[in-house]
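Please treat every number below as a calculation from the coordinates, not as lab data. Everything numeric in this text was worked out from a predicted model, so none of it was measured. Here Cβ is always computed from backbone atoms with ideal geometry, including for glycine, and neighbour counts include all displayed protein chains.
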Amino acid sequence: MAALDRMATTGVAPVRIAGNGMADDFRAVSVVWKRELIRFSRNRLRILTSLAQPILFLYILGTGLSPLISASAHFSFRTFMFLGVLGMTILFTSIFSAMSIVWDREFGFLREMLVAPVHRWTLVLGKCLGGATVASIQGAIILALAGTVGVPYSPEMLLTLLGEMALTAFALTAFGVMLAARISQMESFQMVTQFFVLPMFFLSGAIFPLSDLPSWLAVLSKLDPLSYAIDPFRKAVFSQISLPLRLRETLDPGISWGSFQLPVWFELGMIAAAAVAMLAVAISQFSKTD
């Protein structure tokens, strides 16, 4: 009887149903974002291997191509390559982060996330923010090598590059999530991404200037969305480097549509608009996922 009396007087713990407020949605975004960071920090092999390719491009390919620039210009081609390597790091890391969606689907973890009592847009946004954060961290590591290739450590330039890298990383992660939303096999995702990623990288002006290109290649470069991210990177760095006018016009011609020379703010606006559009498509696709 005493036990029954104690049970009768003991209050029942309140139950809160998740998924009914913005606080729950933001918590879901935070959890997915934090999961990406934990996965990244625990995989040291991934960190090392993802840095190996950019370093090879920067110090081996960049050094090998340096004789293409006249020695009298006192300019190392590795300085030009540095911005391309920075873009490559952001590109491949962002796509790799999106690839984990396919991995989660194969092992059933994605289904557990989709049945959580939160809106599905929170899962997509958290994934994009997590992938963008990881890619930005990888880019910041490469950015720390700037002084070894003749790029000055200007605080203004570094902050500008970090902001531009974060925006680009978010857009590229949204692109990868949009592709991965309806793909169920890792092999299929790898084939699809290779179809897009390698052309995006080579056409962006990451490893060669966009000046004096054949007309067909110039058109393809302007159709490449990554070109509008690499160009602001290059302008931020070249604004801190003293170069002869002729060489500057060759290495940093900018992007123009006819007679209209695109300003940096316009290019960054295009990236932001593309990021929002791809995020919306990815959310729409996840809403249809069973």
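Which trypsin sites (Lys or Arg not before Pro) from region 215-290 combine a DSSP loop assignment with at most 12 other Cβ atoms within 10 Å? Let's see the in-between values first.
On the way: sites: K222, R234, K235, R246, R248, K288; in loops: K288.
Filter output for region 215-290: K288.
Net charge around F77, counting only other residues with Cβ within less than 14 Å of its Cβ (Lys, Arg = +1; Asp, Glu = -1)?
Numbers: positive: R78, R234; negative: D252.
Here the charged neighbours net out to +1.
Could you calculate the contour length gain from R27 to Q240, that is, 0.36 nm times the residue separation minus the distance between their Cα atoms, to one decimal place in nm?
Values: separation 213, 0.36 × 213 = 76.68 nm, distance 4.11 nm.
So the chain would gain 72.6 nm between R27 and Q240.
Find out how many positive minus negative residues lie around N43, taking Lys and Arg as positive, Asp and Glu as negative, among other residues whose Cβ is under 14 Å from that of N43. Don't jump to the answer; show the numbers that get you there.
Values: positive: R35, R39, R42, R44, R46; negative: E36.
For residues surrounding N43, the net value is +4.
For the residue pair V219 and L48, what label-to-label distance in nm results when each label sits 7 Å from Cα along the Cα-to-beta-carbon direction?
It is 4.7 nm.
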